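The values are calculated or read from the model by the stated rules, or taken from the named source; none is laboratory data. The shown structure was predicted, so the numbers you read here are calculated from the model rather than taken from an experiment. Backbone-built Cβ (ideal geometry, glycine too); neighbour counts: all protein chains shown. Just the protein is used for accessible areas: all its heavy atoms, side chains included, with ligands, DNA and RNA removed. Shrake-Rupley method; radii C 1.70, N 1.55, O 1.52, S 1.80 Å.
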Amino acid sequence: MAAEVQPLATLKLPTVVSPITAEQRYWKSFKNQKSHTSTAAWPISHISFPGSTNGSAASHSLVAAAKLNDLFAVTSGPRVDIFSIRKRELLKTIGRFDSQAHSGEIRADGRVLVAGEDSGKMQVFDVGTGTRAVILKTWHVHKQPVWVTKWSPTELTTLMSCSDDKTVRLWDLPSNAPSRLFAGHQDYVRSGAFMPDRNNLLVSGSYDSTVRVWDARAPAGSVLTFKHADPIEEVLPLPGGTTLLAATGSAISVLDLVAAKPLRLITNHQKTVTSLSLASNGRRVVSGSLDGHVKVFETTNWNVVSGSKYPSPILSLSVIAAGSGHEDRHLAVGMQSGVLSLRTRLSGATAEKARARAVEDALMVSGASSKLAKIDSAKAKRKRNAASNKSMALLGENVDVIIPTDAPNSAGGRKRRVKLKPWQRDFREGRYAACLDAVLDLSSPEYQPVTALSVLVALRHRSALREALEGRDEVTVLPLLKWVIKYISDPRYATVCVDVAFQLFDIYSEYVGGSSELADQFAVMTGKVSREVEKAQMAIITNGMVQSLMIGGAEA
Amino acid sequence: MVELRTPRKTSKASKMDANGETASLKKRKREPKEETTASQKRQRSKPKTQPAAANGNVDDTTDSQESTLFENKDLQTTNGDLELTDASNTLTTCNTSAWKVSNPMGGRMLDIDPIFSLDERYLLITYNTSIQVYSTEDSLLVRRISLPITKLDSGTELSSPHIVASVLSASAPEFLWVACSDGRIWHLNWATGEGAETPFTIDVKKVLDMTVESVDIRDKQEDVLFILQKLTKSSAQIVAYDLKALRTKTGKLIHTYDENPQLLRSAAGGRLIVAAAKETLHIGTLKSKGKTVKAVDDLEYAFHSFGVPDLVTCLDIRPTLQTTKKGGIEIQFVDLVIGCARGAIYVYGDLLSKLPGSATKGVPIQPRKLHWHRRAVHSVKWSEDGNYLISGGAETVLVLWQLDTGKRDFLPHLSATIENIVVSPKGSSYALHLDDNSAMVLSTAEMKPTTYVSGIQSLVLSDKPSKESLVRRVWRSVDEISTPLITTSNPTNPSQIFLCVGNGQQASSTGNAPSTPLIQVFDVSSFQGVSKHPIARTNPTDTNMTSQGAPIIEPRVTKMAFSHDGKWLASVDEWQPPERDLEPLLTGSKTTCEVSRERREIYLKFWEIDAEDNSLQLVSRINEAHFTTESETILDVASDPISSRFASLGTDGVVRFWSPKLRRKDGLASTGPEGQQLRTWSCSRAVELPAYGQLEEAVEVSPKTPRSGALAFSEDGSVLFAAYGPSSGAVVAVIDTATGAIRDTIPDLSRGDIRGVEAVSSSLIILSEDLTVYDIVSDEVQYSFALKETSEAAKQMTHLAVNRESRSFAVAAPIPNSSQEKLKKGAKSELVVFSVNEEVPQLIQTFPQVITAVLPATNSAGFVAVDAAAQIWSITESGEQAQMLQPLADLNMEESASAVAPVDHAVEDGEASDEEMQDADADVEMEDDDYDVHQAVVAPQKLAEIFNAAPAFAMAPIEDIFNQVASLFSTRPSTI
């Protein structure tokens, strides 16, 4: 029946060129950097973590389940380091390699790890037991460095390898010989992967600039070959198994396996793209390049949605997901300089706590004890409420009627009334000058230019602009002038600022003689406006020139 | 696709006859200019096949025919007026075919207290043309007693008759006395509806007010009417009538004033009469001590008068009676309360004892002053027990004063100005009449509405000046209707019409043009307002006055259109700052008008209609859809009949096409909370229209001259017709909607400003000062008429609507009236229905009020017209059933409705009003959530949704329907 009091709606300004997008905010929230330099600053060549398991593997043992998804492997030089995802700490180092190790990969159940090395050996280690890793299996079939060893996402005993001997092989853990050999590449094979959701398909990328798709069931060579201009550094199949990314030189090509044609070439990097990783449950792709840039792409139109720069060429990266929802947890980037950078995103309750702590710290430092006390009391109240609600909930077993302690906000479907802020209350009750003072206060922690603009526009709608500006003294009029000077050049604020400026001139020009401050500010404003006018004139002149050129072009 | 490249014939309409002239249209007058036009057309068509010479001949003959017509013009006009003298009915009909006009429905509630029946089961509301009886139990209309208030022959009078009072008979509670200002008094039986045809008539200049008391005459209780009638400009008298006296037209003169009282109230069986004139109260007490009253002539009153501090706007008397020793009844004491124009309320306790014995004037009596209202008190009433006062006014707050403690209680933020408050006979509920044409019954215990009646909220021409205007204000309220009512109907929901309305009549008519920031969704089949949505800036909870006392003007919606599938709504609203604010902003030689124009805010908004609850959600707002150096007026918005697309035309001479696309944010498709794809509207194409000057001979038209224009899509959506130009010569451009190319330009189809363009099959109908029907395929004018009324006001109030189902169109225009320039009270409209292919009008109908909107009925071959009395008329081809509400009494359903069957018990209380304010998220300070106390609350349209889901043969099984209905009633009412 009766309308509810609504706070003044904030204006929605047209979006301008470079505001921080939600996506950028998300990727910026990967902070809390922890760097880890590898032994002897060996370049970090590979980072991997066991991908999502498909149920069957997850329920082997309680220990495994607890450890599941808590390990990731970082390969650098002749070492493979195993880190804990939760603690971001080095748990174990596997150093039993004769030469450069490559592609240390933990199996989905988190128990064993496979790695290749420059000598052509492939070794499987037990991750779980003891400090010194036990070698479970060694193959020495490849005669050239093995660059890729990967576990099949579906079968625990199947793995693949790619080697500089131009071959891709498929292995079964118990047997000593490869179960399949795929030959056809003309040069080193430096990347490869199992296609997800398609058991028998493998994909590999080689320095012969081709990406080949192999079918374990097909007897002959590759079933599909994509030829690129540059050597392939990395291949990354997207979930669903129909689209494939391949890093070729400084570009990333998007390949459609169903239509058997390239969809797109992404050329956002300046130097060779060395690594690709899925993020956000497969809805984003992160790429790292020798130019030191990490870029985040969305997967429908392959636009860059975010990016960041690292100090050294990037050799490997991975977005490590954890938890039940497979949320992005860490952005792990391995660099040429041997530094592993781990950036972590706090989620949910953890983030909340961290924020609260930051606020308290800041207050403690600044010595605002009264505010601190306020926060403490608010916290205590929350706790008490929670406790009393809890006790009521516990009572529920024996009593007949439970009276909830707080308002039926969610159950009754009735929203709790939004409490008006002081300036909103001032506005509603017609104390326009006070309201304006509050929203134009540049030093206020709640200051937002768009709020100030909303109030000014609303004052104009309510014919109260003059009333809000009138009757001020030197001290109270200056903030207004400063605000106008600050924003009068912004096209979104200009019309309102001009109106306010006119009104201020009209009301206060007679006092300029008596106040040097006022005179100064008016002078500053005049200067700023005349500069804007000059710019506008330049723009008009330029426009005229361009138009005459266009006419000339059209005639020609 | 309409084929445009067929060979052209240039023959003008060749057959025209003299019958076609109506009161607002006349056969097109051919002026010499017409010759040049014709020759131009010939030039245009020369390469084509038709021989020019033959055309010339045809033109000549038609010209000669028409010139005789033109000479007959004066005669014809008088004929037109003569037609109107057939006045007993509300309408004059001149039917040539099967079209017919329904009885009007709705109307506007007058500023007269609603009346409770004694058992509180019915609420009698006085409308401007009828008395409507509503059931308080289920808010349904039980009976509509139509009163023939307006006479069609009084065309030149500026003040037309109106109802001034309606009072329940004191001795026979099923009767109602209704007084009209011209001296007609109806004695209605509201339970049966009898008595509307036979009013009593008394000879008076003007009836100002009336009260009825039951007086003991010859030991029988009889109704005595006290009528306050105007004598001269500054004097009035009270005359008492009983039934006999009414028949003989000779009442008993009780008192004569040399002032001009406006209000008359009486109490205690006629023992006390109070009349209020500006700042004076006149109190009359019955002098019949001892002797019994044998006739009205025996009534004698002693009058006292005294001054009050302010202009009286309302008053209420509360007599306390006591029994005398002889068994008679006498007044023990009287408490009186008056509400005043400047916001104060004065309470006079035990007034009679303070009155001096003689009728001396100007003795100061000290009242108790209660001042909370900022503006005029519109109504003040005593509560049943006398401990409280209830008052209300333009603040939209119901104030309850506890008199002993002086404490105030509030029911704030009602939807509009409170006009009347009535306390029910048992004192258990209040009836409020609000200025937005709604009435509600609140229970006094919970302050929750139990009955809600909401009528169509369009602006009306009011009969009485507002109570606010008693005091001189810095603004002046508008006394004319200057802009048409913007209405449209949803193609998927034929029973609902959408009207652009304001926050009540008084709040919306304070600026230069009415502010209409809301859409009222009005259900024609149940005749109830369904909901209101704000579509422009409005804030009902903030004060609506500036500190200087000027009203705050809200935006005005100027155009509205639904997409073909009813999923999208496009609306245009305009606001410009009032000129009084702009003095400091003047620079150079600019006028305030120009400065105000520069700061206009014109928004084109696209709304998505929620499929479930029909709520509107803003999808895109285009700030400057059309602009040059400033925002340009959007002249028209048209909707593509095939796809979700709109076209808009602005005064910058550009047609813009708007289409939806997936909303993207930073290159990503954005999704809603449920993962659904979000859409946004953007301009998909802009087509610059050719200026008239560029076409043929270079006529220099300064860019400042006002332009007019309109848009219409062809029926298949392949072509858009855009008529645009200065009034000296508008051009119709034919735009291919697929490519945006201008296929053709047709000049000279209009005269003066473009008022509307519509397209039906191959015919293009252009309404300007002429009504022209042009065939696109054969490139010839089929027929044309000239409109007689060409004033600025008439330009605004001329409407064109096309019904594609029946291939007919309706033109409504005000009838020229020499005695008034603006369309004020008493102006009339005429509506003419044409079939597209026939030159002879199908229906010519005169309406007693100005028609403010005409729209085609959805899914049926008719039209719906809304007039300046907030009435809805349905114009249908015979055989069609108008989808309009019938009162329960007409359906013989009254008994079943009052029997308390669960389904009929659909109390409309909280639900309807909640829905009405659903945008504002209903909340009242005084109300608590105890829904359990209330019965199931189900809006009638929800039931209708279940039962009207499919035709009878395709209905769901009866169990399903039962379950649906049961779930409606069994679930807790959700707050919307």
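Overall, the accessible surface of chain A at a probe of 1.4 angstrom is composed of carbon and sulfur to the extent of 55 percent. Of the Cα atoms belonging to region A:149-288, the radius of gyration and Dmax stand at 14.2, 44 Å. If you add up the charges near A:Pro153, with Lys and Arg at +1 and Asp and Glu at -1, over every other residue whose beta carbon is less than 13 angstrom from its beta carbon, what do you get? Its environment carries a net charge of -1. A simple packing score, the average count of other Cβ atoms within 10 Å per residue, orders the peptides B:571-581, B:649-659, A:294-304 as B:649-659, B:571-581, A:294-304, with the highest score first.
To the nearest 0.05, what FRET efficiency results for A:Lys12 and A:Ser489 with a Förster distance of 22 Å applied to their C-beta separation?
Here the calculated transfer efficiency is 0.55.
The residues of chain A expose, per residue, 50 Å² of accessible area to a 1.4 Å probe. Stretching the chain fully between A:Ala260 and A:Asp376 yields a gain of 35.5 nm (0.36 nm per residue, less the alpha carbon separation). Over all other residues within a Cβ to Cβ distance under 12 Å of B:Asp636, the charged ones net out to +3, with Lys and Arg as +1 and Asp and Glu as -1. Heavy-atom accessible area buried between chains B and A is around 3400 Å² (1.4 Å probe, both sides summed).
The label-point distance for A:Leu478 and B:Thr629, in a model that sets each label 7 Å from Cα toward Cβ, rounds to 3.8 nm.
Taking a quarter of the surface of the Cα convex hull of region B:587-675 gives a mean projected area of 9.2 nm².
Dividing the alpha-carbon radius of gyration of region B:192-240 by the rule-of-thumb value 2.2 N^0.38 Å gives 1.40. Here the label points at B:Leu618 and B:Ala172, each 7 Å from Cα along the C-beta direction, are separated by 5.8 nm in the simple model. Based on the convex hull around the alpha carbon atoms, region B:530-665 presents an average projected area of 11.3 nm².
Computed FRET efficiency, Cβ-Cβ of A:Asn32 and B:Ser547, R0 45 Å: what is it to the nearest 0.05? Taking R0 as 45 Å, the efficiency between A:Asn32 and B:Ser547 is 0.30. Remark: mean inter-chain Cβ contacts per residue of A:458-470 equal 4, using a 10 Å Cβ-Cβ cutoff to other protein chain atoms. Classified by the C-alpha gyration tensor, region B:315-465 has a prolate form. Its axis ratio a/c, with a ≥ b ≥ c, is 1.5 or above, and a/b is larger than b/c.
Which of A:Lys419/B:Lys381; A:Lys374/B:Lys532; A:Lys12/B:Lys567; A:Lys419/B:Lys467 have a Cα-Cα distance over 32 Å?
Check vs 32 Å cut-off fails for A:Lys419/B:Lys381; A:Lys374/B:Lys532; A:Lys419/B:Lys467.
The A:Ser548 and B:Ser482 beta-carbon pair, evaluated with R₀ = 51 Å, returns a calculated FRET efficiency of approximately 0.60. What is the percent of Cα-Cα separations in chain A that go past 47 Å? Taking all Cα-Cα pairs of chain A, the fraction more than 47 Å apart is 39 percent.
For the pair region A:231-279 and region A:438-485, the centres of their Cα atoms are 53 angstrom apart. Taking every Cα-Cα distance in region A:432-517 and sorting them into 5 Å bins from zero, the calculated P(r) comes out as 3, 14, 28, 28, 18, 7, 2 percent. Per-peptide packing, taken as the mean over residues of other Cβ atoms within 10 Å, places A:535-544, A:481-490 in the sequence A:481-490, A:535-544 from highest down. A loss of 10 Å² or more of accessible area (1.4 Å probe, protein heavy atoms, ligands and nucleic acids excluded) relative to the isolated chain is seen in these residues of region B:584-628: B:Pro584, B:Leu585, B:Thr587, B:Arg599, B:Glu601, B:Arg621. Counting 0.36 nm for each residue step from A:Asp70 to A:Lys87 and taking away their Cα separation leaves a gain of 5.2 nm. Applying 0.36 nm per residue to the separation of B:Glu583 and B:Arg664 and subtracting their alpha-carbon distance, the gain on full extension is 24.9 nm. Using a simple spin-label model with pseudo-atoms 7 Å out from Cα toward Cβ, B:Trp372 and B:Asn387 lie 1.7 nm apart. The residues of region B:519-547 occluded by other protein chains by 10 Å² or more of accessible area, set against the chain on its own, are B:Arg537, B:Asn539, B:Thr541, B:Asp542, B:Thr543, B:Thr546, B:Ser547; surface from heavy atoms, 1.4 Å probe.
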